[in-house]
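Report on one structure; see the data block that follows.
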Amino acid sequence: MNDAQLPQLSVVLPVFNEAGALAPLYQRLKPVLESLGRRYEIVFCDDGSRDGSREAIRELAAADSAVRAVFLRRNFGQTAAISAGVDCARGEIVVLMDADGQNDPADIPALLAKLDEGYDVVSGWRRRRRDPFFTKVLPSRIANRLIAWMTGVDLHDHGCTLKAYRREIISQLALYGEMHRFISIYGQWIGARTTEVEVSHHPRVSGRSKYSMAKTFKVLLDLPVLILLGSYLTRPMHLFGAAGLLSMAGGAVCAALVAAEKLTDPLAKAHRNPLLLMGVFFALVGVQFLMMGLLAELLIRVYHESSHRKTYSIAETINMENRDVQLDSTPN
């Protein structure tokens, strides 16, 4: 296929047990894409569904050659499914959206319009979420404010899957773990122009939500990794070394206070002063941080020099050429 026949727009939808939502979503998505006047493709990436989602995708692909499918061998997680879909997508612009029907395809033109203004990443903002407030909306708002504060990327809704990316940006990002929520942050850190637009959000009409309170805590656990990978990926000693020196400085202050007390009061018993133990503790922790920094420096060098490995394994594809995807990808 020559460049004139390649799609200009790829819509990537990670799927996990969404059989009842796929056909209605396709029926809403198809007219929107046709109205854009651009060559397009719809890439479904099934992440090991067990509810008939694969059969529903096969039916859509059989009826429409613009529908392409990737079936992973098992459930690798949403980040891996997104990564597989993006790797198989061919468009100059990649739009990600959920397959559960809560994202509205009618918002895609607004995302593309922002890209046409010169932006590289356009993130959706579910300002009026149709989800339970205390179990989803409130924890999400708290997490989003914390993420914005810690990363300096001031978006209202980092968790919204509906986003549009230029190919040259998203193709540079290696996604691991649960890091799909932070794609916009990674993009901005490598120099992408990032913005957001308000998008619609619909209540779920079929299937079960994959989101839980536990995922909010996972986001908080991922934040230190995000900071390390984003700001200190090539210089981890600056992070661990700073923590180590700060801890050792605390130990030195405690030792100085113990010494000062001994000098001013000859009867003082240094070994009975808790500050002595605190000083030793801080010193040992400081040394450990420095050692962790050295190990991290070595690991970072191995990471940059090693070959890249995929986080997923593809069992089958539909409407895809062999050069678009490698079937024997070996997961980590």
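Read-outs throughout are calculated quantities, based only on the coordinates presented, and are distinct from any laboratory measurement. This is a predicted model, so every value here is computed, not measured. When we count neighbours, we look across all protein chains shown, and the Cβ atoms used for this are built from the backbone with ideal geometry, even at glycine.
For the pair the stretch 233-307 / the stretch 32-110, the C-alpha centres are spaced 50 Å from each other. Once the GluC sites (Glu not before Pro) in DSSP loops with at most 11 neighbouring Cβ atoms within 10 Å are cut out of the chain, the longest remaining piece is 118-320. For the chain, the antiparallel share of DSSP beta bridges with both residues in that region comes to about 35%. With each label modelled as a point 7 angstrom along the Cα→C-beta vector, the Ile142-Gln5 pair spans 5.4 nm. If a spin label sat at a point 7 angstrom from the Cα of Arg38 along the line to its beta carbon, the backbone N atoms of the stretch 115-130 nearer than 19 Å would be those of 115-125.
If I compute P(r) over Cα pairs in 20 Å bins from 0, in percent from the structure I just sent, which labelled value in (1) 32, 57, 11, 0; (2) 27, 33, 11, 18, 11, 1; (3) 27, 48, 17, 7, 1 lines up? The value matching this structure is (3). At an R0 of 45 angstrom, the distance between the Cβ atoms of Phe134 and Ala268 translates into a FRET efficiency of 0.25. Across the chain, C-alpha contacts under 8 Å between residues 6 or more apart give a mean separation that, scaled by the residue count, equals a relative contact order of 19 percent.
The long axis of helix 78-88 is offset from the longest Cα principal axis of the chain by roughly 50 degrees. For the chain, the longest principal axis of the Cα atoms and the long axis of helix 213-231 meet at an angle of about 70 degrees.
Select from Ala252, Ile227, Ser83 the residue farthest towards the positive end of the dipole of the chain; place +1 on Cβ of Lys and Arg, -1 on Cβ of Asp and Glu, and compute about the Cα centre. Going by the Cα projections, it comes out as Ala252.
Can you compute the FRET efficiency between Trp149 and Ala242 using 1/(1 + (r/R0)^6), with r the Cβ-Cβ distance and R0 = 30 Å? Round to the nearest 0.05. Efficiency computed from Cβ-Cβ geometry: 0.95.
Between helix 19-35 and the chain, what is the angle of the helix's C-alpha long axis to the longest principal axis, kept within 0 to 90° and rounded to the nearest 10? For 19-35 against the chain, the angle is about 70 degrees. Put a plus charge on the Cβ of each Lys and Arg, a minus charge on the Cβ of each Asp and Glu, and nothing anywhere else: the dipole of the stretch 9-231 about its Cα centre is then about 480 debye. By the beta-carbon count within 10 Å of each Cβ, the least crowded to most crowded order of Tyr26, Tyr176, Tyr232, fewest first, is Tyr176, Tyr232, Tyr26. Within the listed set Leu29, Leu263, Leu299, the Gaussian network model of the chain (springs between alpha-carbon atoms below 10 Å) gives the highest mean-square fluctuation for Leu263. The protection proxy used here, the mean number of other Cβ atoms lying within 10 Å of each residue, ranks peptides 42-53, 129-140 as follows, highest first: 42-53, 129-140.
Residues of the stretch 74-109 falling in the label zone of Ser171, defined by backbone nitrogen less than 13 Å from a point 7 Å along Cα to beta-carbon, are 86-94. Within the listed set Arg126, Arg28, Arg167, the Gaussian network model of the chain (springs between alpha-carbon atoms below 10 Å) gives the highest mean-square fluctuation for Arg28.
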